[in-house]
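Worksheet for the structure shown next.
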Amino acid sequence: MQNVKTDKTACETDFSFDTPFFCYDDKQLLVKWLTSPVVLEFYEGRDNPHDIEKVTQHFYDRNDEVTRCMVELDGQAIGYIQFYPLDHQTKQAYGYDENEVIYGTDQFIGESALWNRGIGKLLVRAVIEYLIHGKGASKVVMDPQSWNERAIRCYESCGFKKVKLLPKHEMHEGELKDCWLIEYSPS
């Protein structure tokens, strides 16, 4: 697990996606956030709370190309972000050229008292910059559920555009939900 840090008091955003970080306290925070009905309403679903074992399986015991990061604000962990290169199958399903470097990302602010303060926008903009300039991505994509208008507004304000509706794409609270494939392209 890695840390992503920001210091809003300095009026600058300092996100780093290169600092290795992994500790038991992070697992406890993920459990706290992923048992909160307020957070689960938007991420994972209220019918899918995560205990320590599920957090370990879902976020730690993985051998994949996903970079997982804790998000910090003023030295306190406040959320989670992950990003990953799209695999061949996903590129094909979404209609992308196999040779393009495309990254996907997922994130949430776990401290709901910090919602609607622009922190999500700062985080999304920072990860876009990192993936485009640091990883050579030609596009960054997400697939938010179509009903999550607050998240979609945040992503659109960061330059994402709706590409296509993905019907019954993601299981959430016992029901397959429609998602939007959204894309950021620097060109």
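The values are calculated or read from the model by the stated rules, or taken from the named source; none is laboratory data. Quantities reported herein were computed from a predicted structural model and do not represent experimental measurements. We place every Cβ from the backbone using ideal geometry, glycine too, and count neighbours over all the protein chains shown. The area values use the complete protein model at the heavy-atom level, side chains included, leaving out ligands, DNA and RNA. Shrake-Rupley method; radii C 1.70, N 1.55, O 1.52, S 1.80 Å.
Here is how the numbers come out for the structure above:
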item	result
Accessible area in square angstrom per residue, the chain, 1.4 angstrom probe	53
Pair V101, Q89: separation of 7 Å Cα→Cβ label points (nm)	2.5
Computed magnitude of the charge dipole of the chain (debye, nearest 20; Cβ of K, R +1, Cβ of D, E -1)	480
Where H50, H88, H169, H133 fall by accessible area, highest first, once all protein chains stay in place (1.4 Å)	H133, H88, H169, H50
Across K139/K168; K32/K177; K54/K177; K32/K54; K54/K168; K91/K162, pairs whose alpha-carbon gap is larger than 18 Å	K139/K168; K32/K177; K54/K177; K54/K168
Global form of region 29-71, assessed from the alpha-carbon gyration tensor, a/c cut-off 1.5	prolate
Where trypsin sites (Lys or Arg not before Pro) fall in DSSP loop in region 87-127, at most 13 other Cβ within 10 Å	R117
With all protein chains modelled, accessible area of D74 [1.4 Å, Å²]	80
Pairwise FRET efficiency - V66 versus K164, Cβ, R0 = 22 Å, nearest 0.05	0.40
Sites N116 and Q28 - FRET efficiency at Förster radius 25 Å, r taken between beta-carbons, to 0.05	0.45
Loop trypsin sites (Lys or Arg not before Pro), region 53-82, which have at most 12 other Cβ atoms in a 10 Å radius of their Cβ (DSSP)	R62
